Amino acid sequence: MRRSIKQFVASLVDADLPIGFRNPYDCPTAARNLERFLSTKDPKVSRFLLVGEAPGYRGAATSGVAFCSLSILLDDWGDPWRAFGSSSGYDACSSATFWREATATALWSCLSEILKDEAMPLTWNAVPFHPVNNGNEANAPVKVHEVSIGTPWLEALMEMFPESRLIAVGRRAEDALRTIGLEHDAVRHPARGRKREFQTGMTDALRNRATAGT
């Protein structure tokens, strides 16, 4: 049975997390941000769905939206879809201490150029919970056996947005999609100076979709 977006977000809020992970959706504002992000997308429209590894402590672990820092959600940076900014309806958790994330800035800078004439992409993480690093705010790497933690939500998201074309961003995301058996393209993660490689991968993915006629 297909979940509604509200049910989807509620299931994240109520999730039982394994040791070593923190739930970003303990903050109601983060949960509302995610619900808004998903609710503004038409499930019948073909679009890209970019899947990363897990929320970063400066990004989705703070904002609630994958690959989005609070700066991406709330600053007026001129996104071509007019989906973000000070009047967008997004908000910041009162406990938020970080505003920007380098990965989010690099990713949306590329997407706003490459996909400016396309439907705004969806973004998600293979594991939707923050892997904490010895109790610190820094990110811990997701282990191979942990990529299946987020499988139920990834599958539910694909049911809600069946026309989306999956793109794995980084090796762990690729492992997760391969494990589930979902067809996907793969691109390099834009962190650590790989923005150009990410950009090339996205350009190729757009070309491949056009060739496939979808």
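Annotations
- Looking only at residues of the stretch 20-52 that are among the aromatic types (Phe, Trp, Tyr) and touching a Gly at 6+ places or on another chain (Cβ under 9 Å), we find that the one that is nearest to SER164 (Cα to Cα) is PHE37.
- Here ILE72 clears all of (1) β-branched (Val, Ile, Thr); (2) closer than 24 Å to HIS189 by Cβ; (3) assigned to a loop (DSSP other than H, G, I, E, B) except the condition numbered (3).
- Any hit, the stretch 8-17, residues being hydrophobic (A, V, I, L, M, F, W, C), under 15 Å from PRO131 (Cβ atoms) and modelled with pLDDT under 95: yes
- With respect to the conditions (1) assigned to a helix (DSSP H, G or I); (2) surrounded by 15 or more Cβ atoms within 10 Å (Cβ to Cβ); (3) within 15 Å of the chain's Cα centre (by Cα), HIS189 falls short on a single one, namely (1).
- Residues that are in contact (Cβ under 8 Å) with a residue 24 or more places away in the chain and either within 19 Å of the chain's Cα centre (by Cα) or assigned to a helix (DSSP H, G or I) (or both) within the stretch 202-214 comprise MET202, THR203, ALA205, LEU206, ARG209, listed in sequence order.
- Restricting the first member to the stretch 96-114 and to residues that are over 18 Å from THR203 (Cα atoms), and the second to residues that are open to solvent by 40 Å² or more (accessible area, probe 1.4 Å) and basic (Lys, Arg), the beta-carbon pairs closer than 6 Å and six or more apart or on different chains are PHE98/ARG58; GLU101/ARG58.
- Top-ranked residue of the stretch 87-121 - restricted to ones that are among the β-branched types (Val, Ile, Thr) and under 13 Å from GLY56 (Cβ atoms), ranked as surrounded by the fewest Cβ atoms within 10 Å (Cβ to Cβ): THR105
- Test for LEU17: is it hydrophobic (A, V, I, L, M, F, W, C), more than 25 Å from ILE167 (Cβ to Cβ) and either open to solvent by 50 Å² or more (accessible area, probe 1.4 Å) or not in a helix (DSSP H, G or I) (or both): yes
- Checking each residue in the stretch 53-90 for being modelled with pLDDT under 95 and in contact with a Gly (Cβ under 7 Å, 6 or more places away or on another chain) picks out only GLU53.
- Restricting the stretch 166-185 to residues that are among the acidic types (Asp, Glu) and assigned to a helix (DSSP H, G or I), the residue that is modelled with the lowest pLDDT is ASP175.
- Of the set (1) part of a loop (DSSP other than H, G, I, E, B); (2) open to solvent by less than 70 Å² (accessible area, probe 1.4 Å); (3) closer than 16 Å to ARG58 by Cβ; (4) not aliphatic (A, V, I, L, M), all apply to TRP81 but (3).
- Test: residue in the stretch 128-147 that is touching a Leu at 6+ places or on another chain (Cβ under 8 Å) and either more than 17 Å from VAL51 (Cα to Cα) or open to solvent by less than 60 Å² (accessible area, probe 1.4 Å) (or both): yes
The values are calculated or read from the model by the stated rules, or taken from the named source; none is laboratory data. What you are looking at is a predicted structure, and each value in this text was computed from that prediction instead of being measured. Ideal geometry is used to build each Cβ from the backbone, glycine not excepted, and the neighbour counts take in all protein chains shown. Side chains included, ligands, DNA and RNA excluded: accessible areas come from the protein's heavy atoms. Shrake-Rupley method; radii C 1.70, N 1.55, O 1.52, S 1.80 Å.
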